[in-house]
Amino acid sequence: MCGRNSLFIDQTDLEARFDAEVVTDGGYTPRYNIAPGDDLHIVTNEASDEIDAYHWGLIPFWADEPEEGIINARSETADEKRVFERAWESRPCLVPSSGFYEWKSPNGGSKQPYRIYREDDPTFAMAGLWDVWEGDDETISCVTILTTEPNALMNSIHDRMPVVLPQDAESDWLTADSDTRKDLCQPYPKDDLDAYEISTRVNNPGNDDPQVIEPLDHEQSGLGEFSSG
């Protein structure tokens with residue numbers, strides 16, 4: 001799955017990377033710890049020259065009241081699910097990311113968070129689906145991130161991963177038919193993804209600063225006190 005994201009590239013570089021302009025109300029703020037229920041910046045097929053912010057969690061169209069929504073959709077079965085039917089058919093989007101986070105439970109122990117990123121690209125795109133929930137008094141534009149089987153890197157961390165799109169497939173994701181997009185939902189095929197352990201500060205969504213992405217320091221302190229004399 002993908003339950004936490006980040007996007008902290010400078011706005012100018014973000015707009016250049018996706019050849020699109022940020023149109024979000026209130027502007028763009030770099031984020032190091034984006035949690036479900038927050039807004040995700042996305043590029044939709046209907047406005048590929050704009051970067052807007054949508055609620056992370058696709059709200060079922062039949063819901064009477066707004067809710068957090070579904071943050072991930074299995075790409076293998078999304079086209080079969082009623083809740084994603086409209087979005088899968090005609091509402092693909094790109095979800096820019098500076099790196100996502102996943103948790104590993106070694107031997108059933110406490111969960112260790114990892115940051116997964118691309119060394120050669122400060123921002124990449126994950127495949128998403130967007131929709132609009134319509135209530136009596138409000139409408140909410142919302143998004144879910146598609147997941148797939150893990151690639152070799154992710155296999156040792158988690159049994160799922162987001163659909164990370166190679167850059168040359170991003171435009172196809174937005175413009176192709178649903179069958180072609182289905183074929184694009186593969187484990188990331190390249191070896192330029194990397195991962196490292198980070199501290200559990202990421203567990204608290206209130207921690208939204210550069211410290212979140214610092215590599216975990218495994219050095220033990222105080223060992224010098226036990227040297228023989």
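The values are calculated or read from the model by the stated rules, or taken from the named source; none is laboratory data. Note that the coordinates shown come from a computational prediction; the quantities given were computed from them, not determined experimentally. Methodologically, a virtual Cβ is constructed for each residue, glycine included, from the backbone with ideal geometry; neighbour enumeration extends over all protein chains shown. The protein model used for the area step is the full one, side chains on, heavy atoms only, and it has no ligands, DNA or RNA in it. Shrake-Rupley method; radii C 1.70, N 1.55, O 1.52, S 1.80 Å.
Side notes on the structure shown:
- Shown here for the range 167-197: trypsin sites (Lys or Arg not before Pro) in loop regions (DSSP other than H, G, I, E, B) with at most 13 other Cβ atoms within 10 Å, namely 190.
- Hull-based mean projected area of the range 49-153, where the convex hull spans the alpha carbons, in square nanometres: 9.1
- Accessible-area value, residue 216, 1.4 Å probe, nucleic acids and ligands omitted, Å²: 60
- Distance between modelled label sites at residue 79 and residue 178, nm, 7 Å Cα→Cβ extension: 0.8
- Between the range 133-162 and the range 44-95, the alpha-carbon center distance in angstrom: 9
- The orientation-averaged shadow of the Cα convex hull for the range 108-191, equal to a quarter of the hull surface, comes to 8.4 nm².
- HN-Hα J in Hz across the range 103-118 - Karplus 6.51, -1.76, 1.60, θ = phi - 60°, x for Gly and Pro: 10, 10, 10, x, 6, x, x, 5, 6, 9, x, 10, 9, 10, 8, 10
- Nearest-20 debye value, the chain charge dipole, Cβ charges on Lys, Arg, Asp, Glu: 960
- Going by accessible surface with a 1.4 Å probe and the largest first, 61, 124 read 61, 124.
- Taking all protein chains together, 10, 168 sort by accessible area into 168, 10, largest first [probe 1.4 Å].
- Probe 1.4 Å - accessible area at residue 213, Å² to nearest ten: 30
- Helical content of the chain, expressed as a calculated mean residue ellipticity at 222 nm, amounts to -3000 deg cm²/dmol (DSSP H runs of 4 or more residues, -39,500 (n - 2.57) each, divided by residue number, nearest 500).
- Fraction in percent of alpha-carbon pairs per bin - 5 Å, the chain: 1, 7, 14, 18, 19, 16, 11, 6, 3, 2, 1, 1, 1, 0, 0, 0
- Translational diffusion coefficient of the range 1-58 (Stokes-Einstein, Kirkwood radius from Cα pairs, 25 °C, 0.890 mPa s): 208 µm²/s.
- One decimal place: the segment residue 105-residue 119 gains 2.6 nm when fully extended, by the rule 0.36 nm per residue minus the C-alpha distance.
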